[in-house]
Amino acid sequence: MVIERSKIDVDFENSGDEPFKDFVGILRSMQEAGLVNGVEDYLNRYAVWASRLSPDEAAHLAETKRKLRPLKEIERIHGCGAAMDLSHPFVHDLRAWGRLDETMIANATAFRDRELSSSRQALC
């Protein structure tokens, strides 16, 4: 009996190949959704891939990282998930699939409510 080796790259994260088509765009959308932990996890997991980007793609990824910084600060202060945009389609899908912790949703809701309250007070 001959056992064939899997044709799947078992060390995909270190292969340097693009994990998904338009992965830079996916990361940007995740950042826009406020999915801080997801973006950071992918950046760490696919560091080899990120190190091999074209200059244009690297610039887009750098912009995504720059925009992630204030979101990380929000979550440092207000708790994990606080930076999530609950109206973003990615977040909506993750909620529908049961992939978001209730604490994350509560933190996002509380932060959004605080921001709305502050905005209303500033208008008065």
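Some points to look at:
- Restricting attention to the range 66-88, the residues that are touching a residue at least 24 places away in the same chain (Cβ under 8 Å) and either surrounded by fewer than 17 Cβ atoms within 10 Å (Cβ to Cβ) or part of a helix (DSSP H, G or I) (or both) total 12.
- Entry remark, the range 23-64: residues being of a type in the set (G, A, S), within 18 Å of A82 (Cα to Cα) and touching a residue at least 12 places away in the same chain (Cβ under 8 Å) number 3 in total.
- The range 30-63 - residue that is surrounded by 16 or more Cβ atoms within 10 Å (Cβ to Cβ) and small (G, A, S) and, of those, farthest from V91 (Cα to Cα): A50
- Odd one out for G98 among (1) exposed (fewer than 12 other Cβ atoms within 10 Å of the Cβ); (2) assigned to a helix (DSSP H, G or I): (2)
Bear in mind these aren't lab numbers, they're just calculated from the coordinates by the rules spelled out. Note that the structure is predicted; figures quoted are calculated from it, not measured. Backbone-built Cβ (ideal geometry, glycine too); neighbour counts: all protein chains shown.
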